[in-house]
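Beneath this line is the structure, given in structure tokens, with notes to follow.
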Amino acid sequence: MQPQSRIYVAGHRGLVGSAIYRQLQQQGYTNVITATRQELDLRDELAVRRWFDQQQPEYVFLAAAKVGGILANATYPVDFLQDNLQIQTNVIAHSFRTGVKKLLFLGSSCIYPKFAPQPIKEEYLLTGALEPTNQWYAVAKIAGIKLCQAYRQQYGWSAICAMPTNLYGPGDNFDLQTSHVLPALIRKFHEAKVQGQPQVTVWGTGTPRREFLYVDDLADACIFLMQHYDDPEIINVGTGEDLSIKELAALVQKIVGYQGEIVYDTSKPDGTPRKLLDISRLQALGWQAQTPLALGIEKTYEWYLAHAQGCTKA
Ligand SMILES: NC(=O)c1ccc[n+]([C@@H]2O[C@H](COP(=O)([O-])OP(=O)(O)OC[C@H]3O[C@@H](n4cnc5c(N)ncnc54)[C@H](OP(=O)(O)O)[C@@H]3O)[C@@H](O)[C@H]2O)c1
């Protein structure tokens with residue numbers, strides 16, 4: 001990939017896509033092309049076919065998807081499976097058909113079995129039952145991985161698959177109905193501080209352990225992989241460190257400056273007990289995340305205060 005290469009970032013307004021777009025600009029790539037959902041609904045095969053014929057990108061970062069937390073998955077299972085199957089199949093197939101040199105497909109750590117040994121190695125894929133609460137999304141992502149691997153096996157095409165851990169950062173979704181845990185905590189603690197609420201309720205028992213990667217680090221890893229990785233095997237992207245939801249809540253409380261009490265609503269689901277990725281394959285390539293969690297949360301809170309206070313999806 002050269003500075004003047006024609007690079008398409010699918011989903012450039014999303015958390016990951018906007019970070020990849022930012023990073024490409026910061027790293028001197030001058031020919032980045034995008035399309036909003038209004039301009040190009042990636043579920044529409046004919047529209048995608050026409051767009052690729054017109055635009056002829058050379059490299060593709062596939063960061064468009066229907067994404068959401070436990071509640072959204074449980075409420076819209078058809079959309080999470082069908083939309084993601086359509087989006088990824090259309091982009092992958094028409095990228096190959098129009099001669100794209102290399103495509104990076106973004107999956108997610110929820111592809112791995114619910115009770116996978118920890119930390120989770122790439123080879124644990126399809127070795128056990130999935131976490132039921134987001135199985136629809138996970139099955140779609142696994143199909144995307146297999147489609148990339150199939151194109152490489154049948155045509156020798158360079159499609160690579162990155163499996164990021166939980167992401168957070170500027171551009172995140174702070175809607176309490178559809179967001180992930182970290183942005184939800186930032187919003188809950190901030191609103192409780194501003195409104196003087198005596199306590200904040202956190203879902204579940206607080207014991208599940210999670211790993212979080214700052215999205216700009218993920219974007220840097222995606223550009224690094226596009227440059228240095230060309231293998232059929234999926235590759236994990238994370239920090240290699242995790243913490244309990246209880247520890248995370250305490251950290252966010254401190255950074256937001258909320259003085260009240262934290263209570264746990266144990267009637268709500270915990271999800272997977274632990275989800276820590278084994279990142280030794282990526283480390284062996286020479287890549288390491290740069291942003292410590294506390295610093296990443298501070299930057300995300302600053303972004304929230306400047307862009308997202310009070311609104312649903314930023
Ligand atoms: N967030 C995480 O913690 C996380 C963790 C691991 C992996 N990932 C992966 O990273 C990728 C991006 O996730 P994200 O967190 O950046 O999600 P996001 O913030 O919801 O962004 C998704 C983007 O895809 C676009 N999109 C969705 N459906 C579309 C359609 N039918 N046509 C055109 N564009 C469409 C959205 O457009 P609008 O802006 O118009 O809505 C949005 O820009 C996904 O593949 C996900 O699996 C995310």
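Anyone know which of P164, P183, P132 comes out most mobile in the 10 Å Cα GNM of the chain?
Result: P132 has the largest fluctuation of those listed.
Work out the length of the dipole vector of the stretch 28-175 about its Cα centre, built from +1 on the beta-carbon of each Lys and Arg and -1 on the beta-carbon of each Asp and Glu, and round it to the nearest 20 debye. Walk me through the intermediate numbers first.
Details: 13 positive and 13 negative charges, 89 e Å.
Roughly 420 debye for the stretch 28-175.
Residues of the stretch 198-214 with amide nitrogen under 16 Å from the 7 Å Cα-to-Cβ point of A74?
Counting backbone N atoms under 16 Å from the label point, the list is 202-206.
Find the all-direction average of the projected area of the Cα convex hull for the stretch 242-314, expressing the result in square nanometres with one decimal place. Write out the running numbers ahead of the final one.
Details: hull surface 28.9 nm².
The orientation-averaged projected area of the Cα hull of the stretch 242-314 comes to 7.2 nm².
What is the ratio of the Cα radius of gyration of the stretch 258-297 to 2.2 N^0.38 Å, with N the residue count, to two decimals? Present the calculation step by step, with values, prior to reporting the outcome.
Details: Rg = 16.6 Å, N = 40, 2.2 N^0.38 = 8.9 Å.
Cα Rg divided by the expected 2.2 N^0.38 Å: 1.86.
Rounded to whole Å, give me the distance from the Cα center of the stretch 238-282 to that of the stretch 85-163.
What the calculation gives is 26 Å, centre to centre.
For the stretch 24-181, compute Rh as the Kirkwood radius over C-alpha pairs and then the Stokes-Einstein diffusion coefficient at 4 °C and 1.567 mPa s; write the answer in µm²/s, rounded to an integer.
Values: Rh = 16.8 Å.
Here the translational diffusion coefficient equals 77 µm²/s.
How much length, in nm to one decimal, is gained on full extension between H307 and L243, taken as 0.36 nm per residue of separation minus their Cα-Cα distance? Working shown, then result.
Numbers: separation 64, 0.36 × 64 = 23.04 nm, distance 2.74 nm.
Additional length available on full extension: 20.3 nm.
If I model a spin label as a point 7 Å beyond the Cα along the Cα-Cβ vector, how far apart are those points for Q56 and D230 in nm?
2.2 nm
Return the Rg/Rh value of the stretch 238-280, two decimal places, where both radii are evaluated on C-alpha atoms and Rh is the Kirkwood radius. Could you put the intermediate results ahead of the total?
Values: Rg = 13.2 Å, Rh = 12.6 Å.
When Rh is taken as the Kirkwood radius, the ratio is 1.05.
For Q38 and L295 in the same chain, what is the full-extension length gain: residue separation times 0.36 nm, less their Cα-Cα distance, in nm? Spell out each step's value before the answer.
Details: separation 257, 0.36 × 257 = 92.52 nm, distance 3.46 nm.
Using 0.36 nm per residue and subtracting the Cα-Cα distance, I get 89.1 nm.
Write down the accessible area per residue of the stretch 1-139 in Å², having rolled a 1.4 Å probe over the full set of protein chains. Mind dumping the intermediate values first?
On the way: 6240 Å² over 139 residues.
Accessible area per residue: 45 Å².
I need the Kirkwood Rh of the chain: take the reciprocal of the average 1/r across all distinct C-alpha pairs and report it in angstrom. Spell out each step's value before the answer.
Details: mean 1/r = 0.0501 Å⁻¹.
After inverting the mean inverse Cα-Cα distance, the result is 20.0 Å.
Given N residues in the stretch 116-242, what is its alpha carbon radius of gyration divided by 2.2 N^0.38 Å?
On the way: Rg = 17.9 Å, N = 127, 2.2 N^0.38 = 13.9 Å.
That works out to 1.29 for the stretch 116-242.
The values are calculated or read from the model by the stated rules, or taken from the named source; none is laboratory data. As the structure is a prediction and not an experimental result, all values here were calculated from the model. When we count neighbours, we look across all protein chains shown, and the Cβ atoms used for this are built from the backbone with ideal geometry, even at glycine. Heads up: the accessible areas ignore ligands, DNA and RNA and are worked out on the full protein's heavy atoms, side chains in. Shrake-Rupley method; radii C 1.70, N 1.55, O 1.52, S 1.80 Å.
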